[in-house]
Amino acid sequence: MPTYLFGLLLYVYPEFYRPLNTEQATYIILRLSVVTLLLPAFSIIILKFTGYIGSIHLEERSERLMPYLFTCIYYGVLIYIFYQGMSFHPFLILMLSMGVLILTLTVFNFQIKVSAHSASIAGILGFLWGLKLNDPEIMMLYPVVTTIIAIGVVMSARLLLNAHKPIEIYLGAVLGYVICFCGAFFFL
C-alpha cells in the first residue's frame, strides 16, 4: 500500500513532497518498498521454513499474528525514522495512519480474520479522498476512479479465492478507509 500510494502521489500530486525534489522522493519510495513490502514477505518466508506457519497464504487466523507483529515492528521503525528525519512532514502522517491500520488489523485478528488486502486498498481511497477534501484543487478523478475499480477487483478476488467471508472483507475495507481518511483529512 505505501509504495503504490506514495508513487501515485509523486505522479498526481508532486506538491505533497515539498520541500523534497523528485530524486529524494524516489529514494524514499524505494526505502518504503523495502520496509513495507520486502521485509514482511521475507518474514513470512522465514516463518514458513521454520514451521511456524503452514502456508504463505496465512489461511488460518492463528497464523497471521506473528506476520502482523513483524509488520507492526517494521512500520514502527519506519515511522520513527521519518519522525527523526522529517518532523511532521506529510509522509509521517500517512505512515502513522498506516501503522495504526496495521495495529488495528493485528488487534482485530484476535477475534476475526479481517482482510488486510481490502483494508489496504480502501485505505488508499481514504487517503486520496482526505487529501482531495483538504485541497479541492488536486486533480484526483482518475486516481480515485482507478482505486475504486481496484477495490472491487481486490474484494471480488478475495471472495472468489475463498480467502475471506464477506464480513471480513467489508470490515477490512471500512477499517482501512476510515483510519486512512481520518489521518489525511484531520492531520494534513
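The values are calculated or read from the model by the stated rules, or taken from the named source; none is laboratory data. Given the structure is predicted, the values throughout are model-derived calculations rather than measurements. Positions of Cβ are backbone-derived with ideal geometry, glycine not excepted, and every protein chain shown enters the neighbour counts.
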Report task. May I ask you to list the residues in the range 110-127 that are of a type in the set (A, V, I, L, M), surrounded by fewer than 23 Cβ atoms within 10 Å (Cβ to Cβ) and in a helix (DSSP H, G or I)? Result -> LEU125
Query - Those residues of the range 36-56 which are modelled with pLDDT of 90 or more and among the aromatic types (Phe, Trp, Tyr), in sequence order - result: PHE42, PHE49
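Yes/no matrix, rows are residues, columns are (1) touching a Ser or Thr at 6+ places or on another chain (Cβ under 9 Å); (2) in contact (Cβ under 8 Å) with a residue 40 or more places away in the chain; (3) over 20 Å from ILE169 (Cβ atoms):
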residue	(1), (2), (3)
LEU92	no, no, yes
LEU96	no, yes, yes
GLN111	no, no, no
SER115	no, yes, no
Query raised in the report: Here are some conditions: (1) assigned to a helix (DSSP H, G or I); (2) over 30 Å from SER62 (Cβ atoms). THR106 meets all but one. Which one does it not meet?
Result: (2)
**Report entry** Flag if PHE70 is part of a helix (DSSP H, G or I), within 22 Å of GLU168 (Cα to Cα) and aromatic (Phe, Trp, Tyr)
**Finding:** yes
Query raised in the report: Which of the residues belonging to the range 143-188 are in contact with a helix residue (DSSP H, G or I) (Cβ under 8 Å, 6 or more places away or on another chain), closer than 16 Å to PHE6 by Cα, without any contact (Cβ under 8 Å) to a residue 40 or more places away in the chain and not hydrophobic (A, V, I, L, M, F, W, C)?
Result: THR147
Query raised in the report: Which number in (1) farther than 20 Å from PRO14 by Cβ; (2) out of contact with any Ser or Thr (no Cβ under 7 Å at 6 or more places or on another chain) marks the one condition that ILE169 misses?
Result: (2)
Query raised in the report: How do the pairs read when you match residues in the range 7-21 that are small (Gly, Ala, Ser) with residues anywhere that are in a helix (DSSP H, G or I), using Cβ under 6 Å and keeping only pairs 6 or more apart or on different chains?
Result: GLY7/ILE29
